[in-house]
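Below is one structure, written out as structure tokens; the observations come after it.
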DNA sequence: CTCTTATTTGAGAATATATCTATTTTAGCT
DNA sequence: AGCTAAAATAGATATATTCTCAAATAAGAG
């Protein structure tokens, strides 16, 4: 499962609802991964997400179509997808691993109270320069700005609110 | 445990080995937290870390001095310290919560292969502007640039290396 | 279209991580 | 020294992730 070569191909034909599955198929082929119904279903769900689903979230959604699928399959597929660059793993502070189906350049807002993560676009941030001293040592895969905030909901709730458990609260963004 | 007011005080007298415990004491007092031997020991360990320890890491270290301390105490103390702004919780992709004893402005390099997190300083990044449209809605607590890379070790190890388990591998940075 | 094989799936157990509860201990005040 | 609210502890529980291996199957070969 090579990770190095993926970058040059990313976004070849990702646009359009029809093209998404072609893209998925192509990337899987390139990495000698079989196209299974489970993987297709998982990928479809990811493409319908505008937030940052956890494995558990995907698992719960997919079960309505696919009652026998195992959590293990969902989780392993997500990790595999991340390895071949179909999706990303989001940096988070909540202790639950979250995935990001959006591979276009974007940035994140983390609420330090509730752990929610919001996406935002900002052209200025897309083109920040990375020092040569770093690119000499590290192979750069991506970059992003992360803002730590207290979100409007948590501001409303006031100062003494504990972070909520994210168990079973949709994808938790 | 108020989170809002902390910013203005950060770095009041943090410099110097001697000053660190004074600072700790002062912040605890301000938040009506008791100065217990356990908390002091945990804070000392944090101040000796140049990386991003997990609760488990701190727990294992502290046990050599403090054989009876419980994991619960360590974990709760770390969360408390984060709440009062003595340390930060680091965004990570490994599924293990990590803490950052360094509260000065700095940025992170995440290895997407092994999950290690490296700190770096870069003046240009410290002063990136945050759009008004965001600060109007969100209460800004901090900001940072996160670079996603493959680290030198993982480059050396080649393409087909799986992410290593971080169980018992020091603090895992 | 069928055979073959390496990959993938799924069930259950194991491990890792984090939190809760109830009880005992103690820091810090008087 | 005594009091009291806060904190520490042990143990149980909840949550999240990974492992193991037998059974199922995608995809290429014939």
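The values are calculated or read from the model by the stated rules, or taken from the named source; none is laboratory data. Keep in mind that this is a model prediction, so the values were computed, not measured. With ideal geometry, Cβ positions are generated from the backbone for all residues, glycine too; neighbour counts draw on all protein chains shown.
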Discussion item. Going by what's in this entry, would residue B:2 be described as within 16 Å of DNA strand D (Cβ to nearest atom), at pLDDT below 75 and out of contact with any helix residue (DSSP H, G or I) (no Cβ under 6 Å at 6 or more places or on another chain)?
Written reply: yes
Worksheet entry | the range B:40-49, residues that are surrounded by fewer than 21 Cβ atoms within 10 Å (Cβ to Cβ) and either without any contact (Cβ under 8 Å) to a residue 40 or more places away in the chain or within 14 Å of chain A (Cβ to nearest Cβ) (or both) | B:40, B:41, B:44, B:45, B:48
Worksheet item: Restricting to the range A:114-144, what's the tally of residues that are in a loop (DSSP other than H, G, I, E, B) and within 7 Å of another protein chain (Cβ to nearest Cβ)?
Response: 5
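Scan the range A:126-136 and tell me whether some residue there is buried (at least 17 other Cβ atoms within 10 Å of the Cβ) and farther than 25 Å from residue B:129 by Cβ.
If we filter the range A:126-136 for residues that are buried (at least 17 other Cβ atoms within 10 Å of the Cβ), which is where we start, we get none.
Looking through the range A:126-136, none of the residues is buried (at least 17 other Cβ atoms within 10 Å of the Cβ) and farther than 25 Å from residue B:129 by Cβ.
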Fill in: Test result for residue A:81, assigned by TED's automatic domain parsing to the domain that holds residue A:59 and crowded, with 21+ Cβ neighbours inside 10 Å
yes
Discussion item. Looking at the structure I just gave you, is residue A:24 within 14 Å of DNA strand C (Cβ to nearest atom), closer than 30 Å to residue B:82 by Cβ and at pLDDT 95 or above?
Written reply: no
Response to the item:
Those residues of the range B:16-32 which are within 14 Å of DNA strand D (Cβ to nearest atom) and either surrounded by fewer than 19 Cβ atoms within 10 Å (Cβ to Cβ) or not assigned by TED's automatic domain parsing to the domain that holds residue B:76 (or both) amount to B:25, B:29, B:30, B:31, B:32
Worksheet item: Pick from the range A:50-69 the residues that are within 11 Å of DNA strand C (Cβ to nearest atom) and in contact (Cβ under 8 Å) with a residue 12 or more places away in the chain: which of them is farthest from the other protein chains (Cβ to nearest Cβ)?
Response: A:66
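Of everything in the range B:88-118, what is within 20 Å of residue B:44 (Cβ to Cβ) and touching a strand residue (DSSP E or B) at 6+ places or on another chain (Cβ under 7 Å)? Give them in sequence order. Before you say what the answer is, go through the steps one by one.
Keep residues of the range B:88-118 that are within 20 Å of residue B:44 (Cβ to Cβ), which gives B:88-90, B:98-104.
Passing the criteria: B:88, B:89, B:90, B:98, B:99, B:100, B:102, B:103.
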Worksheet item: Would the range B:70-77 turn up any residue that is modelled with pLDDT of 95 or more and within 14 Å of another protein chain (Cβ to nearest Cβ)?
Response: yes
